[in-house]
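Visitor: Sharing a structure below in structure tokens format, with a few things to ask.
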Amino acid sequence: MKDLKYLLAYLLPLSAGLGIAWGGVWSPGAFYVGFVIIPLLELFLPKSTDNHPPEEEPQKSKRLFFDVLLYLNVPILYGLLWFYFETAFSGLKSGWEIAGMTASMGVLIGSIGINVAHELGHRKHWFDQTMGYLLLLPALYMHFTIEHNFGHHKNVATDKDPASARYGENIYAFWLRSVSGVYMNAWKIEARQLTQRGKAVVSIHNQMIFFQLLQLAWLLTIGLYYSWAIMGLAITAAIVGFLQLETVNYIEHYGLRRKQLPNGRYEKVLPIHSWNSDHELGRIFLYELTRHSDHHYKASRKYQVLRHFDESPQLPLGYPGSIILSLVPPLWFRLMNARVPQYD
């Protein structure tokens, strides 16, 4: 019965759908749930540091229920995008209602889109990876899996990683550095891997070229079927979505650095190199992303068995609250900078 708690995650897309249907003040439905209701509740609800008994992990990792919860986000996301485009194209909503719906869809693209794709992108089976890429397509961020798996996980908590925020770096400077750095790194990684496999970089084997064409086809289809204005809304929602991802990157590793060894290599990634949160609601809605240290310890570990580590640094707020806090750099620095040295 405890596993059914993850069904609560569907309240986020439900709120977005209701916002589109009801309009008016309800238009930013998913935004209200993700960045108003959850942060407020997490101020009062208890945290949980419980881990599953090790002997239960193998069986729990194989349960299809947890995988189906992720897969269902694909039809849910595309269904809501269709509902959103149809509603915006009808012209029956005001400009500020469309803006609210766009923000709401951006929240969904970042959460049930990129976040779920992140979980699936670490798996080996072709079906999981396909589902992951489908979730990344509306975010125009299909390159994320390449750089995240082969760049971020290798270079995390070092200056080589554009997705690891530096001490004293504000979120807006980080967005520029990470968005551009992640994109360029993905091209470099793909080129290096193709060369190692004896394949031509400019060829049908290059995933990055395929991703750009697929994303372009996605946007052109929206523009030609609806209008170029609706395509502009799709791009705006995508930007909101991937900036939400990059803000999560910012709070996950802010100021934490691995030591460089005498041989030039960096120490092994440890639980102290990721900021975590044991706030229960955030854990559920983000499919345990907030137990980020264990994810970096073993990226193939499925979300339902990720563990709490006592030595992991803890954020003062849950992930949604920390995202909001990071958008006001003076407040973020005031709360976080004093916490960093003890883990540095």
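The values are calculated or read from the model by the stated rules, or taken from the named source; none is laboratory data. A quick note: this is a predicted structure, and the numbers were derived from the prediction, not measured. Counting neighbours? That spans all protein chains shown, and the Cβs are built from the backbone with ideal geometry, glycine included. Protein only, heavy atoms only, side chains kept; ligands, DNA and RNA dropped before computing areas. Shrake-Rupley method; radii C 1.70, N 1.55, O 1.52, S 1.80 Å.
Visitor: Could you check the spin-label model distance between GLU56 and PHE127? Points 7 Å from the Cα along Cα→Cβ, value in nm.
Guide: The two pseudo-label positions are separated by 2.6 nm.
Visitor: Return the long-range amide H neighbours of TYR266 (sequence gap of 5 or more, or a different chain), with a cut-off of under 5 Å between placed amide H atoms.
Guide: Here LEU261 satisfy the definition.
Visitor: What distance in nm separates the two pseudo spin-label positions at GLN196 and PHE210, each 7 Å out from Cα along the beta-carbon direction?
Guide: 1.8 nm
Visitor: Given a Förster distance of 22 Å, report the FRET efficiency between LEU14 and ALA217 from their Cβ-Cβ distance, rounded to the nearest 0.05. Don't jump to the answer; show the numbers that get you there.
Guide: Working: r = 30 Å, r/R0 = 1.34.
Between LEU14 and ALA217 the formula returns 0.15.
Visitor: What residues from the stretch 34-53 fall in the zone where the backbone N is under 13 Å from a label point 7 Å along the Cα-to-C-beta line of LYS2?
Guide: Within reach of a label on LYS2, which here means backbone N under 13 Å from a point 7 Å along Cα→Cβ, the stretch 34-53 contributes 48-53.
Visitor: With a length cut of 18 Å (Cα positions projected on each helix's long axis) and a Kyte-Doolittle mean of at least 0.5, go through the chain and give me the DSSP H helices that pass.
Guide: Sorted by number, the helices that extend far enough and score high enough are 73-90, 95-108, 207-225, 228-253.
Visitor: Also: Using 0.36 nm per residue of separation minus the Cα-Cα distance, give me the extension gain between LEU261 and SER227 in nm, one decimal.
Guide: Values: separation 34, 0.36 × 34 = 12.24 nm, distance 5.54 nm.
That works out to 6.7 nm of additional length.
Visitor: Mind checking the per residue accessible area of the stretch 82-207 for me, 1.4 Å probe, whole number of Å²? All intermediate terms of the calculation are to be shown ahead of the outcome.
Guide: Working: 5410 Å² over 126 residues.
With the other protein chains kept in place, the stretch 82-207 gives 43 Å² per residue.
Visitor: Sticking with this structure for a sec: Measuring from label point to label point, each 7 Å out along Cα→Cβ, what is the LYS188 to ARG63 span in nm?
Guide: Here the modelled spin labels are 4.2 nm apart.
Visitor: (1) 18.4, 57; (2) 19.8, 65; (3) 21.0, 70: which one is Rg and Dmax of the Cα atoms in Å as calculated from this entry?
Guide: Computed from the coordinates, Rg and Dmax of the Cα atoms in Å corresponds to (2).
Visitor: If you average the C-alpha positions of the stretch 122-185 and of the stretch 214-291 separately, how far apart do those two centres end up, in angstrom?
Guide: If you average the Cα positions of each part, the centres end up 7 Å apart.
Visitor: Using 0.36 nm per residue, how much length does the chain from LEU40 to LEU327 gain when fully extended, once their Cα-Cα distance is taken away? Please list the in-between numbers first.
Guide: On the way: separation 287, 0.36 × 287 = 103.32 nm, distance 1.69 nm.
Length gained, LEU40 through LEU327: 101.6 nm.
Visitor: For the ranges 210-217, 286-293, 2-9, 162-169, what's the packing order if you count other beta-carbon atoms within 10 Å of each residue, average per peptide, and put the highest first? Don't skip to the end; give the middle numbers.
Guide: Values: 210-217: 14.4, 286-293: 24.1, 2-9: 12.6, 162-169: 19.6.
Highest to lowest by the protection proxy: 286-293, 162-169, 210-217, 2-9.
Visitor: By how many nm would the segment from SER203 to ARG177 lengthen if fully extended, with 0.36 nm per residue of separation less the alpha-carbon distance?
Guide: Values: separation 26, 0.36 × 26 = 9.36 nm, distance 2.85 nm.
Full extension of this stretch gives 6.5 nm more.
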